[in-house]
1. For a quick check: with amide H placed at 1.01 Å from N, whose amide H comes under 5 Å from Tyr50's, ignoring anything fewer than 5 positions away on the same chain?
2. Per residue of the stretch 84-94, what does 6.51 cos²θ - 1.76 cosθ + 1.60 with θ = phi - 60° give for ³J(HN,Hα)? Whole Hz please, x for Gly and Pro, Karplus curve as stated.
3. Charges only on Cβ, +1 for Lys and Arg, -1 for Asp and Glu: so what's the dipole of the stretch 2-133 about the Cα centre, in debye to the nearest 20?
4. What fraction, in whole percent, of alpha-carbon pairs in the chain exceed 27 Å separation?
5. Among Ile52, Asn10, Asn138, pick out the residue whose Cα is farthest towards the positive end of the charge dipole of the chain, where Lys and Arg carry +1 and Asp and Glu carry -1 on C-beta, about the Cα centre.
6. Quickly rank 56-67, 146-157 as a protection proxy: mean count of other C-beta atoms within 10 Å, highest first.
7. What residues qualify as long-range amide H neighbours of Asn2, i.e. H under 5 Å apart, gap of 5 or more or another chain, H built at 1.01 Å from N?
8. Name the residues whose placed amide hydrogens come within less than 5 Å of the amide hydrogen of Tyr128, ignoring near sequence neighbours (fewer than 5 apart) on the same chain.
Amino acid sequence: MNFYYDIVLNFNEDDIYEFYEWEKNDPYDVVRKIPIIKVNNQVIIDILKYKIKINKDFLNVIKDKTILSKKSLNRNLEYACILTDSKNAIAIELDKDGSILYVSKLLLEDENNINEISFTLKKQDIKYTKLTKRNIKNEIRQVRNIKRIIKLELESLIKSQNFSKLSYLYLEWFDKEENNYKKMLQDMLNDLHLNIDDKHLKIYEIIKSSYNKI
């Protein structure tokens, strides 16, 4: 069996973040040693699109082969490995029944190294069942967070009847005044569904700074 050494993984259940979306407070696993399994490209595509249950025979191949560093010894990766098709690579963690619990994309350097290594590996045939579709988000994590913060703030201002701040945000947002608070809220929520631009980033920074001053 082939292994990769000294890698940081960012396992997630639903949201599978690209390396550039990783954030400081994510629950990283620092892995000292993990198996590399070469598979068909369709396997990786299906794992990223669906919740997957892999045949139990595969579990025996990878059982207890992953070793965590001392920094991550608060948990155990009994069934884990990296799958590669020589173009893409992902890490998976499974339960004892073969269901994939978590998936992690890789840092760019690690993915390139693993794909290069995999050219000499023999492709393995993995049997699996597709369970349910994943809820794939089209926007990157940071954009979703910005929209979420703005939306929560607007809803909070309406609930607390802080119309002065709502009016200020509306003026900064659209460069015009509006006296109808329901229309203000609806205009901003509607605009929030569009692609993020400098205007939205400005509102986001205003909201953040308003709380930092407290």
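Bear in mind these aren't lab numbers, they're just calculated from the coordinates by the rules spelled out. Predicted model, so just to flag it, every value in this text is computed and none were measured. In this analysis, Cβ positions are derived from the backbone assuming ideal geometry, glycine residues included, and neighbour counts consider all displayed protein chains.
1. Arg134
2. 9, 10, 6, 10, 9, 8, 9, 9, 10, 10, 10
3. Roughly 520 debye for the stretch 2-133.
4. In whole percent, the share of Cα-Cα pairs in the chain beyond 27 Å is 46.
5. Value computed over the given set: Ile52.
6. Highest to lowest by the protection proxy: 146-157, 56-67.
7. Distant-sequence amide H within range of Asn2: Ile36.
8. Here the answer is Asn55, since their amide H atoms fall under 5 Å of that of Tyr128.
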